[in-house]
């Protein structure tokens, strides 16, 4: 059951946190909710029915910050910095970033009592498997650092060559980022041999060198289906449709590129807009190379 929940949560968050109020495009007014991706910082990120708890949590921000940092240190042996607090039903979601390597974004939830207007600093929790997935995703990215740098360098070159952009670091820090996330791609490891070899060792001693982590995966056969890399880019200018020629060129380049980390790769090219409440662009005009037609690297 744990592995089942682990995979379900990963599927939910590979495309960002779920927001009940934005489940379909039809019930969204573009003028009201969508902004230019360059303007989006994530500070307008919201969760359903969280107005009151958001206000209470912000009033107790020092207590919230201390409780969440302590939670990650005690439960996951990881130091984090707090980036954003967003109210939700009966609690607040606190978005964090790991300090140093492995690098990942994650979150925890702190209960909020709307009647007494207090927060429960002893009741901090996280969804099952979520932080664990963030840790092993960060470790996989670190172990394959040079190969992922090749991917990043390629995308950076295309961003200079074509009128396309990624998402800002601010947006990732304030809630869009999850697992191992950069301005251009999000990496999620679903478990498998990577988790089996790395997670327990991390929780016992996270302060290992990169070489030590590399050796733990040496000789192991990694299933590409267990590693998902989602690349998302946006058109640089407003009121411009996603460019099919740019999309096709990047898909072709990714398909032919050697020496990328083992995994299944997806690529989405959006227009210039993003939903300011959830950091998503689910429009029908998005150009997509994704499931079931992944770009597989073995």
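Each reported figure results from applying straightforward, stated rules to the coordinates on display, with no laboratory input. All figures in this text were calculated on a predicted structure; none of them were measured in a lab. A quick note on method: Cβ atoms are made from the backbone with ideal geometry, for glycine too, and the neighbour counts reach across all protein chains shown.
Ordering 194, 240, 165, 112 by the number of other Cβ atoms within 10 Å of each residue's own Cβ, fewest first, gives 240, 165, 194, 112. Estimated purely from DSSP H runs of n ≥ 4, each contributing -39500 (n - 2.57), the mean residue ellipticity at 222 nm for the chain is -11000 deg cm²/dmol once divided by its residues. Its convex hull of Cα atoms gives the stretch 134-297 a direction-averaged projected area, equal to a quarter of the hull surface, of 10.1 nm².
Spatially, the stretch 124-146 and the stretch 55-95 are offset by 18 Å when compared through their Cα centroids. The alpha-carbon atoms of the stretch 124-210 define a convex hull whose volume equals 122 cubic angstrom per residue. Ordering 171-182, 207-218, 138-149 by mean Cβ neighbour count within 10 Å, with the highest value first, yields 171-182, 138-149, 207-218. When you count the other C-beta atoms within 10 angstrom of each residue and take the mean per peptide, 87-98, 221-232 line up highest first as 87-98, 221-232. DSSP beta bridges confined to the stretch 175-270 are antiparallel in about 50 percent of cases.
Kirkwood Rh, the stretch 37-173, all Cα pairs: how many Å? Mean inverse Cα-Cα distance, inverted, gives 16.4 Å. Exposure proxy shown here: for 297, 204, the number of other Cβ atoms within 10 Å sets the order, fewest to most, as 204, 297. Distance between the modelled labels on residue 208 and residue 38, one decimal in nanometres: 4.4 nm (7 Å Cα→Cβ projection). Multiplying the residue separation of residue 52 and residue 157 by 0.36 nm and subtracting their alpha-carbon distance yields 33.4 nm.
Kirkwood analysis of the Cα pair distances in the stretch 226-298 returns a hydrodynamic radius of 13.1 Å.
Over the C-alpha trace of the chain, radius of gyration and Dmax come out as 19.1, 59 angstrom.
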